[in-house]
1. If TYR438 passes every condition in (1) surrounded by fewer than 18 Cβ atoms within 10 Å (Cβ to Cβ); (2) in a loop (DSSP other than H, G, I, E, B) but one, which one does it miss?
2. Can you name the condition, by its number, that LEU230 falls short on among (1) farther than 26 Å from TRP324 by Cα; (2) surrounded by fewer than 20 Cβ atoms within 10 Å (Cβ to Cβ)?
3. I'm told VAL297 meets every condition in (1) within 25 Å of ARG427 (Cβ to Cβ); (2) within 13 Å of the ligand (Cβ to nearest atom); (3) open to solvent by 10 Å² or more (accessible area, probe 1.4 Å) except one. Can you identify the failing condition by its number?
4. Can you go through LYS243, LYS214, LYS219 and tell me which one is within 16 Å of the ligand (Cβ to nearest atom) and of a type in the set (Lys, Arg)?
5. Which residues, taken from the range 336-345, are crowded, with 18+ Cβ neighbours inside 10 Å and either of a type in the set (Lys, Arg) or assigned to a helix (DSSP H, G or I) (or both)?
6. Go through (1) free of Cβ contacts under 8 Å to residues at least 12 places away in the same chain; (2) within 18 Å of ASN84 (Cα to Cα) one by one and return the number of the condition CYS142 breaks.
7. Does the range 153-206 hold any residues that are crowded, with 20+ Cβ neighbours inside 10 Å and of a type in the set (Asp, Glu), and which are they?
8. For residues that are of a type in the set (Val, Ile, Thr) and free of Cβ contacts under 8 Å to residues at least 60 places away in the same chain, scanning just the range 73-95, find the one that is farthest from GLN119 (Cα to Cα).
Amino acid sequence: MSAKFSWDFFVQYCKNFADNLQLADRMSSFGSGSGPSGGYQLSPRTAQLKYDEILPMSEESFPPTKEFLMKIMEVLIEFVKNTNDRNEKILEFHHPEEMKRLLDLELPERGFPLQQLVQDCATTLKYQVKTGHPHFFNQLSCGLDLVSMAGEWLTATANTNMFTYEIAPVFILMEHVVMEKMRSIIGWETGDSILAPGGSISNLYAFLAARHKKFPHYKEKGLNSIAGELVMFTSDQCHYSVKSCAAVCGLGTDNCVMVPSDERGRMITSELERLILERKSRGHIPFFVNATAGTTVIGAFDPIDAIADICERHDCWLHIDGAWGGGLLFSKKYRFPRFKGVERADSVTWNPHKLMGTLLQCSTIHFKEDGLLISCNQMSAEYLFMTDKLYDVQYDTGDKVIQCGRHNDIFKLWLQWRAKGTQGFERHMDRLMELTEYMVSRIKAQPDKFYLILEPELVNVCFWYVPRRLRSQRHDSRREEELGKICPILKGRMMQSGTLMVGYQPDDRRPNFFRNIISSAAVTEKDIDFMLNELDRLGQDL
Ligand code: ABU
């Protein structure tokens, strides 16, 4: 793509966006209504129009079409404003039955007019959790990056499918550029990549490519082409999607061997080798090892370099599930030792919609070897992937994947990268890690109120809140049981009050504990102080 083309495209996009904002301002100041009680009123004439009286069905109707879309834009921008307002609640919680009463979810026989649709949008966002709120620490994907969001708006407007260059020429080229850049950050000069619908499916692509590489006849001959039981290995802290590959792809979950992890949640490599040898002695075929770079709960990094040595000795494919931790590849400060040896992997999953803050969803899978994806997944559907098209058909990337239609997840990432630059992403990673260190220091400074479970390797801070009655008790398994019971009650209070969201879960070593995630660019030290104080406010009588 030439620089000129992308610049024109960007300038035009910004102009349109600015025009729209001005119009929205004008409409608000004319008292057309904004905000939850303002009702987002359309003009009387436009309000009662139906969907078939605006574009594309009514060709003469551009003014009401524009008015309708601008009003929707107003609803969205108000949500953005509220999301970033620390005095606003994160959510207005209602139990499902109560929520059903509050919402009108009816699908009518005859369609509603435009005014009702505007209200439907406003009501939907009124009850939606603001995952971009600075006090939302609940999920791996937090935050609302506004450039990426603008990209998503454009994507929705362009409404194209990513299977052929024919219908998505700009986006396909963007995908090439961004994927190549991500591979170079991993440390590969060649290779191939694709965007997939989520980290779990990215991991599945890695599994499929690994099996295809070792058993190229599987594609045509199926199970009969493999004389023996295939076995895969992953740590007992891995994301469940790795085990799901074994179920989905015919190995059976008994052939997804869970390798024990150490007290920090990292795979014990001596155990990996022992288990590979044990399976080999039974005549099985170990072929795939998954190393996790950032486990979901604890944020642990498996020792990639040592695992790569074992994979080389036993001829196993090495996949890195960096769906969560992948963003740290940007950081010179935090990349090592966590990702040491990553360039030795055969495939890497990396989700920009997590640490990088790209809007959901944006998940990538990268392969060191070029050509494997297409060879593994190509079905050559003649109605889509004709080889005699007027352009170079290697750009018809749709035949590399097992799905047909593919959502455009690249533009929002490309635009975000244009805004931040590679350095901006590096700064973002360093900032998230610094905030995590700040949170740890604040927890350590209040040992009566909080108990840090382990020193984080990533932005997951795992801890217990200690209510007043348990503060003088010795910390042992009995106290942990009690602290575990506090978590769901305190989480319930957070949601009822709408002021804070922090996740909790048990793991195989301990009862419920809080897992706080700092992956939003909106968070500051003050928000971390707020979080700890609010936990104490909500929980001290427990
Ligand atoms: N795919 C893992 C997401 C889990 C979380 O956000 O907590």
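1. (2)
2. Checking LEU230 against (1) farther than 26 Å from TRP324 by Cα; (2) surrounded by fewer than 20 Cβ atoms within 10 Å (Cβ to Cβ), the one that fails is (2).
3. Exception for VAL297: condition (1).
4. Matching residue, one of LYS243, LYS214, LYS219: LYS243.
5. ARG338, VAL342
6. Just one mismatch for CYS142, condition (1).
7. GLU175, ASP192
8. Per the stated criteria, the residue is ILE77.
The values are calculated or read from the model by the stated rules, or taken from the named source; none is laboratory data. Computed from a predicted structure; not experimentally measured. Please note: Cβ atoms are built from the backbone with ideal geometry, for glycine as well, and neighbour counts cover all protein chains shown. For the accessible areas, the whole protein counts, side chains as well, though only heavy atoms, and no ligand, DNA or RNA atoms are used. Shrake-Rupley method; radii C 1.70, N 1.55, O 1.52, S 1.80 Å.
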